[in-house]
Amino acid sequence: MFNSLSDRLTATFKNLRGKGRLTEADVDATVREIRRALLDADVAVPVVREFTSRVRERALGAEVSAALNPSQQIVKIVNEELKEILGGETRRIRLAKNGPTIIMLAGLQGAGKTTLAGKLSKWLKSQGHSPMLVACDLQRPNAVTQLQVVGQRANVPVFAPHPGATSTELEHPAGDPVAVARAGVEEARQKLHDVVIVDTAGRLGVDADMMEQARQIRRAIVPNEVLFVIDSMIGQDAVNTALAFDEGVNFTGIVLSKLDGDARGGAALSVSSVTGKPVMFASTGEGLDDFELFHPDRMASRILD
Ligand code: GDP
């Protein structure tokens with residue numbers, strides 16, 4: 001991820017080394033290169049436009065520092081602006097003051113929600129929490145059993161639609177996901193779990209019925225966090241998908257999944273910027289430990305490394 005973008009930006013800054021002062025033409029040429037590199041990495045056009053105009057304005061502005069040469073100064077500006085488009089400061093989960101902290105997961109089918117439910121609960125356990133999972137994806141065959149497997153691996157309990165159901169019933173569960181979500185949260189409350197993670201159904205594309213269902217679940221359980229999980233490999237579709245989910249469920253944070261892939265990074269760099277919501281976690285593989293808190297400043301530095 002970001003390898004090609006990273007190489008391109010580094011090469012651009014190399015051209016400025018040794019220059020005593022930057023003319024407007026130098027800045028413009030550099031900004032043009034940055035624009036091309038971002039577009040080639042699949043970053044959304046409006047994001048690129050705003051990013052480059054801010055870099056240009058600041059590079060031409062009076063931010064002259066005796067400690068930095070012109071090339072270091074541009075690197076610093078690009079670093080700070082990258083951090084901004086990735087969401088600014090690191091954002092932690094907002095914990096409920098009373099009762100369980102409710103985290104709802106939303107996103108397209110295949111985005112990595114169920115896998116994330118396992119990763120997040122394992123991580124929360126390591127932080128001293130006592131999470132429970134709720135299986136509300138009654139759409140996709142095997143989604144409930146998949147969550148149960150993940151729960152077993154992470155060693156956390158899973159609330160399934162029909163306790164005591166046969167395996168065939170669990171593979172094709174019927175029922176109302178809103179009622180399951182409500183009952184799951186109630187169970188977590190009674191069993192004194194301090195975090196409850198509600199996995200919801202996705203579809204292959206944005207779909208009005210799915211969004212309405214997610215909206216109803218959100219309304220029924222009033223989550224502290226709604227995490228939108230997005231596959232970083234989906235490229236240019238990322239922006240429209242993120243905007244549709246933001247309008248549909250008004251998510252509070254973003255999880256970038258499959259950051260271990262070789263995508264060009266555009267999705268990762270666009271979604272936070274277009275929705276104004278922070279990236280909170282990164283998923284970096286299929287294993288339960290392939291998961292990290294997302295730090296915009298570290299990611300920006302990694303890109304410019
Ligand atoms: P859901 O439909 O949103 O619940 O998606 P799943 O959790 O079932 O994930 C879909 C597929 O992506 C599965 O094969 C996962 O193993 C895989 N997957 C999930 N997260 C990651 C990740 O961070 N990296 C990689 N390489 N694969 C992932």
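Based on this model, can you work out whether L16 counts as among the hydrophobic types (A, V, I, L, M, F, W, C) and farther than 30 Å from G128 by Cα? Can you show your working first?
Numbers: among the hydrophobic types (A, V, I, L, M, F, W, C): yes; farther than 30 Å from G128 by Cα: yes.
For L16, the condition - among the hydrophobic types (A, V, I, L, M, F, W, C) and farther than 30 Å from G128 by Cα - is met.
Sort through L243, L304, L293 and tell me the only one that's surrounded by fewer than 18 Cβ atoms within 10 Å (Cβ to Cβ), over 23 Å from P46 (Cβ atoms) and among the hydrophobic types (A, V, I, L, M, F, W, C). It would help to see each step written out before you state the result.
On the way: L243 fails: over 23 Å from P46 (Cβ atoms); L304 fails: over 23 Å from P46 (Cβ atoms).
Just one listed residue meets the conditions, L293.
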Task: For I217: the one exception among (1) closer than 16 Å to D137 by Cβ; (2) crowded, with 19+ Cβ neighbours inside 10 Å; (3) within 19 Å of the chain's Cα centre (by Cα) - done: (3)
Open item on the list: If I ask for residues that are away from the ligand (no atom under 16 Å from the Cβ) and under 11 Å from the mean Cα position of the chain (by Cα), which ones from segment 271-281 would you list?
Closed with: S272, K277, P278
Task: Test: residue in segment 92-108 that is closer than 30 Å to P46 by Cα, part of a loop (DSSP other than H, G, I, E, B), near the ligand (Cβ under 9 Å from one of its atoms) and of a type outside the set (D, E) - done: yes
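What about Q146, is it at pLDDT below 95 and closer than 22 Å to A220 by Cα?
Values: at pLDDT below 95: yes; closer than 22 Å to A220 by Cα: no.
Against the criterion (at pLDDT below 95 and closer than 22 Å to A220 by Cα), Q146 does not qualify.
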- [ ] Go through segment 282-305 and give me each residue that's more than 10 Å from the ligand (Cβ to nearest atom) and more than 26 Å from I74 (Cβ to Cβ).
- [x] L288, D289, E292, L293
- [ ] List every residue pair whose Cβ atoms lie under 9 Å apart, where the two residues are 6 or more positions apart in sequence or sit on different chains, the first residue falls within segment 99-119 and is farther than 13 Å from Q146 by Cα, and the second residue, located anywhere, is within 6 Å of the ligand (Cβ to nearest atom) and in a helix (DSSP H, G or I).
- [x] L105/K113; L105/T114; A106/K113; G107/K113
Open item on the list: Checking the structure you have, find out if any residue of segment 257-269 is more than 16 Å from the ligand (Cβ to nearest atom) and acidic (D, E).
Closed with: no
TODO: Being closer than 14 Å to A188 by Cβ and assigned to a loop (DSSP other than H, G, I, E, B) is the filter; apply it to segment 109-142 and report the residue that is nearest to the ligand (Cβ to nearest atom).
DONE: C136
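The values are calculated or read from the model by the stated rules, or taken from the named source; none is laboratory data. Only a predicted model underlies this, so the values are computations on that prediction, with no experimental measurement involved. Positions of Cβ are generated from backbone atoms using ideal geometry, with glycine treated the same way; all protein chains shown enter the neighbour counts.
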